[in-house]
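Everything on this sheet refers to the single structure shown next.
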Amino acid sequence: MRIQDTPEEWPVTATTTPFTGNKTSVRTDEVEMPDGSRVKRDYQVHPGSVAVLALDRDDRVIVLRQYRHPVRQRLWEIPAGLLDVPGENPLHAAQRELYEEAHVKAEDWRVLIDVYTSPGGCDEAVRIFLAREISVAEGERFEVSEEEADMELARVSLAELVRGALAGELHNNCLAVGALALHAALSGDGIDALRPADASWPARPFDA
């Protein structure tokens, strides 16, 4: 039996938006259940994100260490960012984030994995790319501010990231999912079996 997620939408009889923020909002839907009853569901409305697992020729991954106020921790992460423009091509967004956060570019891009970060309470969809054949980007470094101004960069082996995730030492969603997905790909059908960088993404349709 093939296990596969499928689209489905239960009737929404009423909707309100009790909070609207700079990038996200909170929505309350009144949803009709299969038995005819109605319940309210609160969730964060999110534009979507991209992340990049950038692998160098020595099989090391570019990682960033950044303070995250909601969890009160400084987390190791991979470059990532929001899809700021509706319909934005996720590959272009990922290339931008890799340049801005790590000041590198990549010649080979694949879709590594697509995930919903917390589907019980948020509609955020994330596409994680694998980027290879990396080199220093031309021009001046992107000027960072706020939490990013205090960011550290490092290159760490994939094996160490997998170990750290399984040991409960690394907690960032995109880093853990990306590292484990690449480990699985390398242990299975290989990188050439990954989807192309322009593969369709029903969760966040985009312009070519």
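Brief remarks follow.
- Normalised by 2.2 N^0.38 Å, with N the number of residues, the alpha-carbon radius of gyration of segment 165-208 equals 1.46.
- The ranking of MET33, MET1, MET151 by Cβ neighbour count inside 10 Å, starting from the fewest, reads MET1, MET33, MET151.
- With both residues required to sit in segment 49-196, DSSP beta bridges show an antiparallel share near 80%.
- Least to most buried among LEU82, LEU112 (fewest other Cβ within 10 Å first): LEU82, LEU112
- Listed by number, the DSSP H helices of the chain that run 20 Å or longer by alpha-carbon position along their axis and have mean Kyte hydropathy of at least -0.5 are 173-187.
- For q = 0.13 Å⁻¹, Debye-computed log10 I/I(0) when each Cα of the chain counts as one equal scatterer: -0.80
- When only alpha carbons are used to place a centre, segment 75-90 and segment 19-68 end up 11 Å from one another.
- All other residues whose Cβ lies under 15 angstrom from that of TRP201 are scored, Lys and Arg at +1 and Asp and Glu at -1, for a net of -3.
- The chain, relative contact order in percent, only Cα pairs under 8 angstrom and at least six apart counted: 21 percent
- Dipole check for the chain: with +1 at the C-beta of Lys and Arg, -1 at the C-beta of Asp and Glu, and the Cα centre as origin, the magnitude is about 460 Debye.
- Derived value for segment 1-112: Kirkwood hydrodynamic radius 17.6 Å. Basis is the mean of 1/r over every pair of different alpha-carbon atoms.
- Cβ-derived FRET efficiency at R0 45 Å, ASP58 paired with SER118, nearest 0.05: 0.85
- Counting neighbouring beta carbons within 10 Å and listing from fewest to most, the residues VAL162, VAL71 come out as VAL71, VAL162.
We did not get these values from a lab; they are worked out from the coordinates using the rules stated. On a predicted model such as this, the values are computed, not experimentally measured, just so you know. So basically every Cβ, Gly included, is an ideal-geometry build from the backbone, and we count neighbours across all protein chains shown.
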